[in-house]
Amino acid sequence: MIYITGDTHGKFSRIEKFCQEFNTTKTDYLIILGDAGINYFGSYDNELKSYLESLPITFLLVYGNHEERPENIKTYKEINFFDGVAYAEDKYPNLIFAKSSEVYTIEGMKVLVIGGAYSIDKNMRLVYDYPWFKSEQLTKEEMNNIYENVNNKHFDIVLSHTCPYKYIPREMFLPFVDQSKVDNSMELFLDKIE
């Protein structure tokens, strides 16, 4: 089976209960659509990764805006995965990060992955010395390359951390966030992809 969730932010007790309830195995996949909380805290990450590796499920992770891209961490290497390229560490082979812009064939479906987003909490994280990753969003060059590679092609599924601009859940906006300062370039790009 393939399951999908998002934004676990390093808290996996509900995932552990889910695995127990549905009697999952390592042949089952849980796709986390960003902000898993795995490449965020440095040394703490290894403890969390060991715990996740012990769960009876394989993780496919799309990077979000609260974790470093796997290609920027020297312990990750490229692996072949569902007819495409992904990232994994030797020590944690069941924690697989999808490569942004990669196309996978999963259960006969063409799946495009687009990771990243803008952090509305960037300034707070910088003030309090919490991790913030400069590469959290795709660059304009990356967006252009993705668009050129996928233009006029059909995909059954797009896995992303954020959504197209037209689907932003404005009713959920936090009242203390000045929306005029939010960079929506990823969401506008996903409108174009759609």
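The values are calculated or read from the model by the stated rules, or taken from the named source; none is laboratory data. Note that the coordinates shown come from a computational prediction; the quantities given were computed from them, not determined experimentally. Methodologically, a virtual Cβ is constructed for each residue, glycine included, from the backbone with ideal geometry; neighbour enumeration extends over all protein chains shown. Just so you know, the surface numbers come from the protein's heavy atoms only, side chains and all, with ligands and any DNA or RNA stripped out. Shrake-Rupley method; radii C 1.70, N 1.55, O 1.52, S 1.80 Å.
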Query raised in the report: Using all Cα-Cα distances in region 81-166, what percent lands in each 10 angstrom bin from 0 up to the longest?
Result: 14, 39, 32, 13, 1
Query raised in the report: Number of Lys-Lys pairs in region 16-164 under 21 Å by Cα, sequence gap 8 or more or different chains?
Result: 25
Query raised in the report: Size of region 1-113 along its principal axes in angstrom, Cα-based, largest extent first?
Result: 31, 31, 24
Query - Relative contact order %, the chain, counting alpha carbon pairs below 8 Å whose residues are six or more apart - result: 18
Requested in this report: Would you work out what percent of the accessible area of the chain, with all protein chains in place, is carbon or sulfur (probe 1.4 Å)?
Outcome: 52
Query raised in the report: If you keep only loop residues by DSSP, which trypsin sites (Lys or Arg not before Pro) in region 85-177 have at most 16 other Cβ atoms within 10 Å of their Cβ?
Result: Lys91, Lys134, Lys153
Report task. Have a look at the DSSP beta bridges in the chain and tell me what percent are antiparallel, nearest 5. Result -> 45
**Report entry** Cα-centre dipole for the chain with unit charges at Cβ (Lys and Arg positive, Asp and Glu negative), debye to 20
**Finding:** 80
Query raised in the report: Solvent-accessible area per residue for the chain at a 1.4 Å probe radius, Å²?
Result: 56
Report summary line: Inter-part gap, Cα centre of region 98-174 to Cα centre of region 61-79, in whole angstrom, is 13
Report task. Rank Asp45, Asp178, Asp35 by mean-square fluctuation in a GNM of the chain with C-alpha springs under 10 angstrom and give only the top-ranked residue. Result -> Asp178
Query raised in the report: Of the GluC sites (Glu not before Pro) in region 92-174, which ones lie in a loop per DSSP and count no more than 12 other C-beta atoms within 10 Å?
Result: Glu107
**Report entry** Candidates Val62, Val127, Val111: whichever shows maximal mean-square fluctuation once the chain is modelled as a Gaussian network with Cα springs under 10 Å
**Finding:** Val127
Report summary line: Note, region 96-109: 3J(HN,Hα) by Karplus (6.51, -1.76, 1.60, θ = phi - 60°), whole Hz, Gly/Pro = x, goes 10, 9, 5, 8, 5, 5, 7, 10, 10, 10, 10, 6, x, 9
Query raised in the report: Roughly what percent of Cα-Cα pairs across region 132-189 reach past 14 Å?
Result: 68
Requested in this report: Show that you can apply the helix-only estimate: for the chain, add -39,500 (n - 2.57) for every DSSP H stretch of four or more residues, divide by all residues, and state [θ] at 222 nm to the nearest 500.
Outcome: -7000 deg cm²/dmol
Report summary line: For region 125-189 the chymotrypsin sites (Phe, Trp or Tyr not before Pro) that pass both the DSSP coil test and the at-most-11 other-Cβ-within-10 Å test are Tyr128, Phe176
Report task. Considering only DSSP beta bridges where both residues belong to region 29-96, give the percentage that are antiparallel (nearest 5). Result -> 45
Report summary line: About its Cα centre, region 33-141 carries a charge dipole, from +1 on Lys and Arg Cβ atoms and -1 on Asp and Glu Cβ atoms, whose size in debye to the nearest 20 is 200
